[in-house]
Each structure stands twice: as C-alpha cells, then as structure tokens.
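Working notes, structure below.
The values are calculated or read from the model by the stated rules, or taken from the named source; none is laboratory data. From a predicted model like this one, the values you see are computed outputs, not experimental measurements. Cβ placement follows ideal geometry from the backbone for every residue including glycine, while neighbour counts extend to all protein chains displayed. Ligands, DNA and RNA are stripped out before the accessible areas are found, and what is left, the full protein with its side chains, is counted by its heavy atoms. Shrake-Rupley method; radii C 1.70, N 1.55, O 1.52, S 1.80 Å.
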Amino acid sequence: MEPSLGELRETRERPRSPEVSGVHVLVRDVDGAWIAGASVCLVTSGERILPLLCGVTDGEGRVVLRDLPAIDLRIWAATAHHGPKVLPEFGSPPYAPGDRGPNPNVVELVSTDAIASGVVVDASGGSIDGAQLRLRVRGEPPGLCTSVDEGAFTCTAPMGASAGTIEVEASGYASLSEIVSLPARELRLALLRESKLRGVVVDENGAPVRDVQVRLRMALMEGRFDPSVASTDPKGRFIFAGLEPGMYRPLVEDGHYRSADEPPRVRVGYASESEEVRLVVRQGHRVEVRVQDPNALCTGPIVALQPVAESGAGPAVPLIASLVDGGSLQLAGVASGGYEVQCKCLNGTPGEGPPAPLVISGDTVVECRYDEGAVIYGRVVDPEGEGVSRASVNLVGAEHRYATTDESGAFALGGLAWGEQRVRVAAQGHRPSETRVVHLTEGSVPEEQLIVVERGLCLAGRVLQSGGVDGAMTLYHDEGQIILDASGEFMICGLIPGQALSLRVVGPSGPLVLSRRGDNEQRSGEYSVRLGDAPMRVELLVDARRLVVDGEVRDANGDTVADALVLAAAGYPRGRGCQRPGLGGARKAATHAEGDFTLAPLAPGPWMFYAETPDGGTGCAWLDLSDGAELTELALRVRP
C-alpha cells in the first residue's frame with residue numbers, strides 16, 4: 001500500500017532515527033514542533049512510578065537512553081511548561097524486557113499551567129540540592145523533578161489538574177508528602193533530618209531469619225498510615241531509614257512467616273536511631289485467597305480465617321487477609337489446624353454461604369464467591385437523564401449494605417434476601433432520593449431500577465483577600481472541597497433547606513482567619529451558614545498575611561538547646577494540654593547551634609508551638625497571631 005501524503009510529510013519532518021542499541025525517544029508539542037531540553041526517563045511500571053534512567057532531548061527533540069534495565073518499564077517525558085506523559089499510556093501493558101516499542105517512540109506533550117514550584121530546605125532553613133520530587137495527580141502520570149540551584153524546583157502536572165500530592169525524598173532526610181493546590185508558587189518544603197529504626201528477626205529458637213519482609217506502620221495516633229517495607233539480611237537484621245520522628249509498629253507477615261506477638265510500639269526521636277527491636281516470628285503456611293466476583297458486587301473484599309477454638313478455650317483472634325503485590329489476597333505464616341473461612345466486603349455484600357470449615361496442613365488456596373442471592377440492578381440519573389457517578393445506593397434496614405455507581409450511573413447491589421427490599425440514594429450535589437421499594441422474586445429476572453435524584457439548593461459566594469496568597473486557596477465545606485481560582489468565586493449545590501454548612505479556607509500557609517464581609521463579629525478559622533428555602537450568596541473575607549515567628553528553645557536551666565525539633569500546629573487549643581501534634585499538618589523547624597529557629601510562613605490565627613529536645617525534653621507555648629505583627633518572637637521552655 002502506498003503511504004498517504006500525511007505519512008510522507010511526517011517522514012520528512014521527523015528527525016531521522018540513527019541505529020541505536022537503546023531506546024530512541026522524540027518529543028514534540030501538539031503543533032508538531034520538536035521540543036529541545038525536555039526531560040525523558042525510563043520509569044518503573046508500577047503504580048508508584050520511579051525514575052530509572054534519564055536524559056534530556058537535544059535541539060531536534062531527540063534523546064537515546066542506553067543500558068536498559070531488564071524489567072518492565074514505561075517512557076516518561078515532561079518539561080517545565082508541559083505536563084507529563086508516559087508511553088505506553090496507563091491502562092496499556094508496559095514495555096517488557098527486550099521490547100523497546102516503535103523505536104523511535106514519539107511523545108507528544110501538552111502545555112500546562114498546573115505547576116508546583118518552590119524550594120526544598122532543611123528544618124534549619126538551609127537549601128537542599130538533589131532532592132527527588134514527585135507531583136502526583138490521581139489517574140495521571142506524575143510530574144518528576146529535582147531540586148537544583150539552592151533547592152529550587154519546578155514540577156508539572158497535566159493541564160486541568162487543580163490539586164495534587166507532592167512527595168519529596170533526599171538522602172539523609174525524612175521523606176515528605178504534602179497536598180497542594182495547583183498552581184502552587186513559592187512552596188517551601190522543609191525536610192527533617194532522618195531518623196532510623198533498626199531491628200532483627202529471629203525464629204522461636206532465636207535463630208536469625210533472612211530474606212523476609214518487615215512492614216513498618218506509623219501508629220494511627222500520629223495521623224498517618226503509610227506502610228514501608230524492608231528486607232532482612234543474612235543475619236536477620238533490618239533497618240528503616242528516612243523516617244520522621246514518631247511512634248512506629250514493625251511486623252512480619254511474609255510468605256511462611258508471621259510475627260508471634262503483637263507488633264511492638266517503638267518511638268523514634270528526631271534525627272536519632274532506635275535501639276535494636278527484636279521480632280520473633282513463627283513459621284507456618286501460605287494461604288492464597290482467590291476472589292470470584294463476576295458481577296462486581298463486592299467493594300473491598302475482607303477475608304478472615306477464624307481459628308476453631310478448643311473446648312474450654314476463649315475465642316481466638318481471626319487472621320485477616322492482606323493485599324500483596326499483584327493485587328491478590330494472602331495470609332502469611334498460618335499455623336496448621338482447623339479454621340472457618342469468612343468472606344465479607346466493606347460495602348456489606350456477604351460471601352456465598354455460611355462460614356466454611358477448613359483444615360490447613362500446608363500451603364492452601366481458598367476461594368470466596370460473591371455471586372449468590374438476589375441482586376438489584378439499576379441506574380441513578382439526574383432530571384435530564386444523565387448518569388450520576390459515585391452515588392451511594394444504600395439498603396434501608398438493619399443490614400449495612402451499599403453499592404457505588406460507575407461513570408454511567410449504573411449499580412448492582414447484591415447478596416440480598418428474596419422478597420421486599422428498600423433502597424435510598426445519596427449523591428454529592430443532589431438531594432437524597434425518596435425510599436424505593438423493590439420486590440425481588442426468586443426465579444424471575446429482576447427489573448432494572450431507574451432512580452432520579454433532584455439537584456439541591458445552591459450556595460454561591462466569593463472569597464476575598466486582605467493580603468496576598470502565593471498559591472491557590474481551597475474552600476472546605478461539609479460536602480467536600482473547592483479549589484478557588486483567582487476570582488475567588490464558588491458554588492456549592494445539592495443542599496437541603498435548613499441545612500447548616502461550615503466553611504473553612506486553607507492557603508499554602510495553612511488555615512486562614514475567616515469572616516463574612518461586613519461582619520467582623522465572627523473571626524475564626526470557620527464560618528457557619530444556615531440555608532433558607534431559596535438559593536443564597538455570601539461574600540467571605542480571609543486574612544491572608546504570611547507571618548514569621550522567630551524563637552529559641554531553652555532547657556530548665558535556661559541554656560539554649562541545639563538540634564531541637566519545633567512543631568507549629570494551627571488552631572490547637574490550650575485546653576488540650578501540651579501534647580505532640582501530628583506531623584502531617586504541622587509546620588516544622590529545628591534549632592541551630594545557638595538554640596534559635598524560624599517558622600514561616602504562618603497564617604494568622606491561634607497556634608501551638610511544641611519543642612522536643614534530643615534527650616527527650618518537651619515543652620509548649622501558645623500564640624494568637626490574628627492581630628499580631630508580621631514578625632513575632634517566642635521563647636520555648638522544655639522540661640525533662
């Protein structure tokens with residue numbers, strides 16, 4: 001077949017591909033112009049993309065990446081003004097070892113204004129070059145960038161992204177993860193010096209166990225649940241580096257091994273290393289769980305093995321299957337004996353039949369089915385007949401059961417008893433539906449339900465600033481959140497007459513002091529409004545000043561303390577006492593050799609300042625920055 005005129009033109013315009021032994025990549029924009037200076041990387045194919053090998057395109061938009069790793073991978077490309085893209089795209093299989101794709105691979109980039117830029121610094125304010133940053137937007141390729149030239153960085157996200165999570169890693173520092181509104185300018189990402197947790201894994205005879213995975217979870221009281229994994233060396237030892245200070249719980253659930261005891265709670269201090277933690281494991285069997293759910297009735301399968309208690313013994317604690325790599329469910333280190341298999345779901349859909357007896361004497365495969373019982377099928381639509389996605393279809397009655405609609409508004413609510421059932425729909429932006437009565441008759445085809453949800457009342461408004469905000473503001477309300485643009489206009493719909501709504505505005509520096517325009521009586525981090533029978537409009541005023549606190553930390557003898565950790569938490573009342581705030585939403589600093597520190601930028605409002613010294617001393621102070629000067633001095637006293 002003769003090539004088309006367009007194909008001939010593209011062949012003439014595209015730079016010729018030399019004979020290469022690696023991956024040849026060409027980067028262009030949507031108008032077909034080749035892009036020089038674009039960053040191109042070979043990245044891992046998993047959900048958490050990691051760069052493996054990178055290069056920069058030449059004047060003809062070309063780069064060749066050699067010395068390919070023998071793993072599945074994708075090609076990633078972006079610039080400081082173009083959003084990231086990967087090949088093959090998400091949803092398609094990655095390139096397997098030995099597969100280089102079309103070679104040359106042509107990547108077409110789209111310009112974007114969803115940009116996050118700023119500096120990476122340590123807790124004392126010094127710049128950090130060489131930090132690796134990842135800007136993640138759900139369902140999209142991440143932006144990858146590196147801090148250079150006194151910690152400066154610029155990461156991009158695809159056009160249209162209004163928010164994302166920026167993750168930072170640097171050698172010798174604790175990793176950082178923050179949610180940012182996009183575009184975000186002049187971000188200041190402060191990293192703490194790393195803390196470490198080390199330990200050893202032994203069997204019940206005290207012999208070291210090599211090549212097992214140890215999982216580390218931050219205690220829920222710290223406000224985070226971010227599991228990490230380390231493997232044991234030939235002497236059974238493991239170490240977790242790059243940690244923030246806090247309370248952690250290490251445990252083993254890997255293949256044929258399981259922790260013999262409850263995971264210990266280990267506190268790790270700032271920039272310190274824990275004493276060696278000793279984990280005793282028991283050897284058992286691996287149990288793989290295969291989920292059969294042909295009608296997609298189950299949201300979040302939960303599979304448990306309930307040990308059969310011996311006569312006279314109390315109830316045994318069930319073993320809960322956990323998700324492992326590849327998306328399968330697995331139980332590790334299961335002891336021989338009798339069990340009952342219980343299959344459930346987060347949305348309440350029951351597994352097929354009653355708990356099934358099971359005797360385990362070796363590696364075992366169990367099956368959970370979720371296709372038994374009556375099913376209610378249907379769609380949730382708005383008054384114009386358009387499908388309503390992410391609506392919750394709830395069973396009305398004593399049982400907790402629900403289904404979530406897909407992009408077309410379709411749902412399937414299964415595992416029901418035959419007879420009369422009642423359902424009600426709740427959807428963001430819409431009024432709750434009336435209760436629908438559905439008759440399910442065994443042996444007959446269920447009638448598809450079409451449930452219409454009306455749009456609710458709307459609250460419109462605008463957020464005005466007294467002072468500038470570098471970066472977007474986010475309006476939080478009881479029904480969700482809105483990323484505000486430069487106009488500050490917003491609209492919240494799906495509300496009910498008489499409904500009370502709480503509004504909060506958060507900027508890059510934290511929560512902002514909020515009041516209704518013309519009403520200075522209510523000045524706090526939250527504004528409450530109650531709807532009438534008709535749509536409403538409000539204008540809100542935020543104090544968007546960026547304040548600085550300079551301080552010092554002194555011990556009980558009045559001496560200054562170096563390398564103390566200082567945390568600032570917004571809106572933390574004095575009545576709760578002096579306690580360490582969660583690291584997730586706190587501003588962080590560390591004292592210099594003279595015991596001084598600087599925290600910036602801080603938003604106006606009440607703050608608690610917490611200090612923790614290397615020897616375990618702690619202390620707190622409270623300041624209300626609502627009406628204060630742009631620079632405030634603070635003295636923090638700590639006690640053993």
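Side notes on the structure shown:
- Taking the Cα centre of the chain as reference, the dipole from Cβ charges on Lys and Arg (+1) and Asp and Glu (-1) amounts to some 720 debye.
- Couplings 3J(HN,Hα) for the range 201-217, derived from phi with the Karplus relation 6.51 cos²θ - 1.76 cosθ + 1.60 (θ = phi - 60°), are 10, 10, 7, 5, 9, x, 7, x, 10, 9, 6, 10, 8, 10, 9, 10, 10 Hz, where x marks Gly and Pro.
- Virtual spin-label span in nm between Glu60 and Val548, 7 Å along Cα→Cβ: 5.1
- Euclidean distance between Cα centres, the range 29-81 to the range 543-612, Å: 42
- Here each label is just a point 7 Å from Cα along the line to Cβ, and for Glu372 and Glu169 those points are 4.5 nm apart.
- Helix-only [θ]222 nm of the chain, DSSP H runs n ≥ 4, -39500 (n - 2.57) each, per residue, nearest 500: -500 deg cm²/dmol
- Two-site label geometry, Glu273 and Glu386: point separation in nm, points 7 Å out along Cα→Cβ: 5.9
- Taking a sphere under 13 Å around the Cβ of Leu144 and counting the other residues whose Cβ falls inside, with K and R at +1 and D and E at -1, yields a net charge of +2.
- Between Glu150 and Glu442, the contour length at 0.36 nm per residue exceeds the alpha carbon distance by 98.0 nm.
- When the solvent-accessible area of the chain is split by element, carbon and sulfur atoms take up 47 percent of it, the probe being 1.4 Å.
- Averaged over its residues, the chain has an accessible area of 50 Å² per residue, based on protein heavy atoms and a 1.4 Å probe.
- Take Cys493: with every protein chain present and a 1.4 Å probe, its accessible area is about 50 Å².
- In terms of the mean number of neighbouring beta-carbon atoms within 10 Å, the peptides 166-172, 542-548, 207-213 order highest first as 542-548, 166-172, 207-213.
- Prolate/oblate/rounded call for the range 69-204, Cα gyration tensor, a/c under 1.5 rounded: oblate
- The Asn205 and Glu340 beta-carbon pair, evaluated with R₀ = 30 Å, returns a calculated FRET efficiency of approximately 0.45.
- Across the options Ser181, Pro250, Val281, the greatest Cα extent toward the positive end of the charge dipole of the range 147-306 (unit charges at beta carbon of Lys, Arg, Asp, Glu) belongs to Val281.
- Full extension of the segment from Phe90 to Val106, taken as 0.36 nm per residue of separation minus the current Cα-Cα distance, would add 4.1 nm.
- FRET efficiency for Met536 and Leu464, using Cβ-Cβ distance with R0 set to 22 Å, rounded to 0.05: 0.80
- Mean Cβ count within 10 Å, highest first, over the residues of peptides 174-183, 241-250: 241-250, 174-183
- Listed by chain and number, the aspartates and glutamates placed with their C-alpha closer than 18 angstrom to that of Lys344 are Glu288, Asp293, Glu352, Glu367, Asp371, Glu372, Glu399; residues fewer than eight positions away on the same chain are left out.
- At R0 = 30 Å, FRET efficiency that the Cβ-Cβ distance of Ala296 and Ile179 yields, to 0.05: 0.50
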